[in-house]
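S.K.: Handing you this structure, nothing more for now.
The values are calculated or read from the model by the stated rules, or taken from the named source; none is laboratory data. As the structure is a prediction and not an experimental result, all values here were calculated from the model. Don't worry about glycine lacking a Cβ; one is built from the backbone with ideal geometry, like all the others, and counts go over all protein chains shown. Surface areas here come from the heavy atoms of the whole protein model, side chains and all, with no ligands, DNA or RNA. Shrake-Rupley method; radii C 1.70, N 1.55, O 1.52, S 1.80 Å.
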Amino acid sequence: QLQASGGGLVQPGGSLRLSCVDSGRMFSINTMGWYRQAPGKQRELVGYIRTGGSTTYADSVLGRFTISRDNAKNTVYLQMNSLKPEDTAVYYCNMYPSHPKYWGQGTLVTVSS
């Protein structure tokens with residue numbers, strides 16, 4: 001029900017915007033989070049956005065990443081700027097706290113020159 005998209009290959013210092021569409025129309029009443037899993041590492045929280053629009057971010061992305069939402073489009077966004085090689089990961093969206101039912105396939109972001 002939650003499909004992330006927009007990943008790709010980008011050079012260090014570049015930008016990408018990820019999108020997450022909720023076909024089940026449930027996120028408008030829930031706090032939504034972005035997560036990522038780097039190769040060989042556990043999945044971690046990137047940040048989340050509450051229904052009112054306020055946000056919280058992991059220290060590693062604070063000041064570089066921005067989460068926003070468009071309830072009319074059932075979509076949440078992750079704007080990623082000043083990307084670093086250590087941002088390479090598969091990115092997922094889910095509720096926050098996450099619910100095992102709603103993990104999708106994610107979208108791969110590779111930061112490399």
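S.K.: Filter the stretch 75-99 for residues that are open to solvent by 50 Å² or more (accessible area, probe 1.4 Å) and under 24 Å from residue 11 (Cβ atoms) and give the result. Walk me through how you get there before you give the answer.
M.R.: Filtering the stretch 75-99 for residues open to solvent by 50 Å² or more (accessible area, probe 1.4 Å) gives 79, 81-82, 84-86, 96-99.
Passing the criteria: 79, 81, 82, 84, 85, 86.
S.K.: So which residues in the stretch 43-52 are under 20 Å from residue 108 (Cβ atoms) and either part of a loop (DSSP other than H, G, I, E, B) or open to solvent by 50 Å² or more (accessible area, probe 1.4 Å) (or both)?
M.R.: If the condition is that a residue be under 20 Å from residue 108 (Cβ atoms) and either part of a loop (DSSP other than H, G, I, E, B) or open to solvent by 50 Å² or more (accessible area, probe 1.4 Å) (or both), then 43, 44, 45 are the ones that fit.
S.K.: Mind checking which pairs have a first residue in the stretch 56-74 that is within 14 Å of residue 20 (Cα to Cα) and surrounded by fewer than 14 Cβ atoms within 10 Å (Cβ to Cβ) and a second that is at pLDDT 95 or above and not hydrophobic (A, V, I, L, M, F, W, C), Cβ under 9 Å, 6 or more apart or different chains?
M.R.: Pairs found: 68/55; 68/77; 68/79; 70/77.
S.K.: Could you please give the count of residues in the stretch 54-90 that are among the hydroxyl-bearing types (Ser, Thr, Tyr), closer than 13 Å to residue 32 by Cβ and not in a loop (DSSP other than H, G, I, E, B)? Full working, then the answer.
M.R.: In the first step, residues of the stretch 54-90 are kept if they are among the hydroxyl-bearing types (Ser, Thr, Tyr); the result is 54-57, 60, 66, 68, 75, 77, 82, 88.
Now narrow it down to the ones that are closer than 13 Å to residue 32 by Cβ: 54-56, 68, 75, 77.
Those left that are additionally not in a loop (DSSP other than H, G, I, E, B): 55-56, 68, 75, 77.
Residues meeting the conditions: 5.
S.K.: Based on what the data block shows, is residue 40 part of a loop (DSSP other than H, G, I, E, B) and touching a residue at least 40 places away in the same chain (Cβ under 8 Å)? Full working, then the answer.
M.R.: Numbers: part of a loop (DSSP other than H, G, I, E, B): yes; touching a residue at least 40 places away in the same chain (Cβ under 8 Å): no.
Criteria not met by residue 40.
S.K.: Please count how many residues of the stretch 6-39 are open to solvent by 60 Å² or more (accessible area, probe 1.4 Å), over 11 Å from residue 92 (Cβ atoms) and either at pLDDT 95 or above or of a type in the set (Ser, Thr, Tyr) (or both).
M.R.: Applying the first criterion (open to solvent by 60 Å² or more (accessible area, probe 1.4 Å)) to the stretch 6-39 yields 9, 11-12, 15, 17, 21, 23, 25, 29, 37, 39.
Then keep just the ones that are over 11 Å from residue 92 (Cβ atoms); that gives 9, 11-12, 15, 17, 21, 23, 25, 29, 39.
Subset that is either at pLDDT 95 or above or of a type in the set (Ser, Thr, Tyr) (or both): 9, 11-12, 15, 17, 23.
Adding up the residues that qualify gives 6.
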